[in-house]
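Take a look at the structure set out below.
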Amino acid sequence: MATAGKTVGMPLGERLALIAVILLAILWLLPLVWVTGVSLKNNTELVVNPGAVFSAPYTIQNYIDLTKTSALGTWFRNSLIVSLSHTVLVLIVSCLAGYGFARIEFPGRNAVFIFSLVGLAIPGQAIIVPLHSFFNAFDLHNTYAALIIPGIATPFGIFLMTAYFRAIPAEIEEAARLDNASRFKIFWAIALPLAVPAMATLGIFTFLGTWNDYLWPLISATRPEMYTLTVGLAATQTNIDQSEGLGYLMAQSVFAGLPMLILYIFFQKYVVRAVAGAAIR
Amino acid sequence: MSRTSQPGARAPKLRTWHWPELLFIAPFLILYVTFLLFPMAWGFWMSFNYYDLFAGFSEYIGLENYQQLFADQIYRRAVVNTFVFVAITVPPLVILGLLIALVLNRQTWWSAVLRTLFFGSTVLSVTIVTLIWRGVYLPQKGLLDNFLNAIGVGGIGILQDPNLALVGIAVTTVWWGIGLPMVLFLAALQQVPGEIYEAAKLDNASPWQTLWSITIPSIWRTVVLVIIIQIIAHFQVFGQINLMTGGGPNNSTRSMVQFIYESGFRQWTAGFASAAAQVLFVIMVIAAGLQFWASRRKQEF
Amino acid sequence: MSRIDLVNINKKFGSYEAIADLSLAIDSGEFVVFLGPSGCGKTTLLRMIAGLEAVTAGEIHIGDRRVEHLPPGQRGVAMVFQSYALYPHMTVAQNMAFGLRNIGTEKSVIEAKIAEAARILQLETLLDRKPGQLSGGQRQRVAIGRAIVKSPEVFLFDEPLSNLDAMLRARTRVEIARLHQTLGATMVFVTHDQIEAMTMAQKIVVMSNGKIEQVGAPLDIYRRPATRFVASFVGVPAMNFLDVSNTEAVRGKLHVRVGETMIPTGVPAAGLSGPLTLGIRPEALRVDANGTIAAKVDVVERLGDKTIIHAMLPGGQAVVGEDGDTSALTFGDQVRFSVDSARTHVFDAAGRGHHAEVAP
């Protein structure tokens, strides 16, 4: 009742905008509902009558087949190993360097810092060709190392962490110096615990980016057992148009997308803050 | 007084930093130079060479790659496609993102649910998004053609149509990417102090006037920033296109990054691909400069 | 506890000279206050003693050791910061233990020291809280506790009371003074608040523009300010300064002409010449029907125990005087002040003070 009363009191323009957004929301939801529906249908039934998606009977046969035949498990594990290792390394490197730039007054610090930020302008796509040759020279393609190492030194991470460490009041670190703490002890016991929010931003942003990365693993991982989830899923959908197993394919996308969606719903606040914070910088 | 010091004796200075402390930035600098700056420079050098990745053969050829690139009909088409793609993707992302943010900027359970929904698609990887949308766009069997058949228009097989394929990819991209502009606008709207709206009410401003003379000017800096961020992001479009159409039909969806990918890793002509990458780099530097300029400007009212 | 000696200290920030050739001796167990306006170099001086700022030239001795090259942790000093600088992610107990753990103190000793400090500062019930859960006054006490547990030779305080409200500030002043009596440690306290300086210090060092203006006991500073700067900076309301147009010596004492009035002072006349300024504290300028100075009342401030009268001399100069607690004066009244010549000051052209009162 209260909501209805409020809606009546709303000006016309606002009411139209609200209706538009609700329609958009339905449009946004529809593909997801349809995909879930298809994934729960018998493949032969879909061939005969594509419109049967929105009516019973439903089956979970596609998901059972998935666990039996698919390499999704291997790819999922690869993605997890690559994304977690990459994220941890980015955090270590960025925190160390960010602290160094923020607090160690070595000569030429500003020049080195600016030199480090120049890389912000280099898009990953612009260096894939030489990067591929580089890893090729060391025969490192189709290894975890090749998937993990590029992008560990991220100017964005340096930028974010340096700004955050600079914002920590200098007096707190001075108190620690008077408390006989070494430089590394100050970093480890004082600065790092205080930088957890920035690390969460950088960590979530990096993890999402690596998990969803497509171009580099596509180039570097050419053997199916080294595929990440993104590349593996891409390989299965090459001839979707001729595929008889539409339900099976859609079950794959649901299966692969669900972990990320669940994580997102649980950590929504942090994910949104991380992504927005990273974009605004 | 001078219990421990001789007059004029030089005492060691209080050190403000020590050499070992440079180990804090050393790992970054080494990796940064090795895996970002060096490849960048090498790519620049490659672009002046004939460089066959497959055979590992290379020879200096000056500007030939660039001449060949600008004469290449497919590359020209890719450049046009990329600009068109940006032009039809960024406006709906910004306008719909702003509309959604304006409507959902309230503390109710349903707006929270809708925010979750609109941002949810953004966390999915490009492969999942394209898998979903290739299903939706599937000729006859897909959701879209099912719907078009049901209302009597008849299926169109949108990704198979050279005139519509890029639009189809753009729709997918908007569906995928609406979350970011929305949350950026929401963050900006929450920064606008509530007193301004109260003052506007006291000044008898209509909701429409409030929107145009208070809200939009207050978040204008974010609007500019979002536009630039979106332009930068979508200039680099690759995954959706490679997965949904592979650049086809008839090169109607091939983008600049896909062109780099294909010339580098399908034809293995690394020098040629590097030349194309340098062009992308220049465009990105200009865009990054714009972003830097926009983010440094003061909030204007 | 130790004495501190600063010898010819010089500090430059780039080309700006913050401290110029400053020497100072602080006795063992003494409570010294560096007093001065912001930017006078008092905090820089304190930070150089702490080792947070390097000296450009000069020597610092703490006890028998020359320390200006030693890092902060090795100087045997503890510091209480203006913002308290507590470690936000550690509990009160962890905050106090951090410095002791860093030098490898035994766990049982650490616990005993924390218990002792907590008892002295009444922090026993707060040991497991984090700084964010404490009030300003409690944080202040934790910051002091963190200094106490280290049993330092020297305590350094950098304006530690400026973030407290007036009531708490008055109470903490007393607590710190009591702490000094209990511990008997050497304490150096930086402030721009002259009340803090007057109430706590055994010795005040008044600073201005990187130089020491005067070193002395609080009453000495108040009664015999060495310079016009010290006279104007110490005392509320501030001392009145009146331009002297003419002087004469009467029985060895200086009488000065201010406007149309001849005012007798207790200042010895010998050797005083050139342009002079008469200094009278408000409490030495009392409302008196038979007084020598006529003025017109401008603003009346009733403080309860006394009344502060802001008035205007015929020449247009503002003066501040005192009246009794039940003063009937209001805006626009004509008033006369008498001068307590035993408490007058005369400042010469160089700003040096000459006083009616003799040194104790």
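The values are calculated or read from the model by the stated rules, or taken from the named source; none is laboratory data. The structure displayed is predicted, hence computed values, not measured ones. Cβ placement follows ideal geometry from the backbone for every residue including glycine, while neighbour counts extend to all protein chains displayed. Only protein heavy atoms, including side chains, enter the accessible area calculation; ligands, DNA and RNA are left aside. Shrake-Rupley method; radii C 1.70, N 1.55, O 1.52, S 1.80 Å.
Data overview
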| quantity | calculated |
| --- | --- |
| Residue match in region A:208-217 (condition: open to solvent by 40 Å² or more (accessible area, probe 1.4 Å) and part of a helix (DSSP H, G or I)) | yes |
| Scope region C:1-25; condition surrounded by 20 or more Cβ atoms within 10 Å (Cβ to Cβ) and within 15 Å of C:Val206 (Cβ to Cβ); matching residues | C:Ile19, C:Leu22 |
| Per-region count, region C:54-108, residues more than 14 Å from C:Leu156 (Cα to Cα), part of a loop (DSSP other than H, G, I, E, B) and more than 8 Å from chain A (Cβ to nearest Cβ) | 14 |
| Selection count where residues are within 14 Å of chain B (Cβ to nearest Cβ), in a strand (DSSP E or B) and hydroxyl-bearing (Ser, Thr, Tyr), scope region C:1-38 | 1 |
| Failed item in (1) open to solvent by 40 Å² or more (accessible area, probe 1.4 Å); (2) over 24 Å from B:Ile219 (Cβ atoms); (3) out of contact with any Gly (no Cβ under 8 Å at 6 or more places or on another chain), with B:Leu69 passing the rest | (1) |
| Count - residues of region A:156-177 that are more than 12 Å from chain C (Cβ to nearest Cβ) and open to solvent by 10 Å² or more (accessible area, probe 1.4 Å) | 7 |
| Where a residue in region A:251-268 is on the phi < 0 side of the Ramachandran plot and its partner, wherever it lies, is not in a helix (DSSP H, G or I), with Cβ under 7 Å and at least six apart | A:Gln252/A:Ser70; A:Gly257/B:Leu124; A:Met260/B:Leu124 |
| Unique match (being of a type outside the set (Val, Ile, Thr), over 22 Å from C:Asp5 (Cα atoms) and within 14 Å of chain A (Cβ to nearest Cβ)) among C:Ser162, C:Ser151, C:Ser232 | C:Ser162 |
| Enumerated helices (runs of 4 or more DSSP H) restricted to region B:193-286, each holding at least 1 residues that are surrounded by fewer than 20 Cβ atoms within 10 Å (Cβ to Cβ) and at pLDDT 90 or above | B:220-235, B:256-265 |
| Enumerated strands (runs of 3 or more DSSP E) restricted to region C:292-360, each holding at least 1 residues that are among the aliphatic types (A, V, I, L, M) and surrounded by 14 or more Cβ atoms within 10 Å (Cβ to Cβ) | C:293-302, C:307-312, C:318-323, C:334-339, C:344-347 |
| Qualifying residue in region C:126-136 (condition: on the phi < 0 side of the Ramachandran plot, surrounded by fewer than 15 Cβ atoms within 10 Å (Cβ to Cβ) and touching a residue at least 40 places away in the same chain (Cβ under 8 Å)) | yes |
| Neighbours by Cβ (under 6 Å, 6+ apart or cross-chain): first from region A:90-118, at the interface with another protein chain (Cβ under 9 Å from one of its Cβ atoms); second open to solvent by 40 Å² or more (accessible area, probe 1.4 Å) | A:Val93/B:Pro27; A:Ile104/B:Trp17; A:Glu105/B:Thr16; A:Glu105/B:Trp17; A:Phe106/B:Trp17 |
| Of all residues in region A:178-213 being small (Gly, Ala, Ser) and touching a Lys or Arg at 6+ places or on another chain (Cβ under 9 Å), the one that is farthest from the other protein chains (Cβ to nearest Cβ) | A:Ala200 |
| The one condition in (1) closer than 21 Å to A:Ile81 by Cβ; (2) in contact with a Lys or Arg (Cβ under 9 Å, 6 or more places away or on another chain) that A:Gly151 fails to fulfil | (2) |
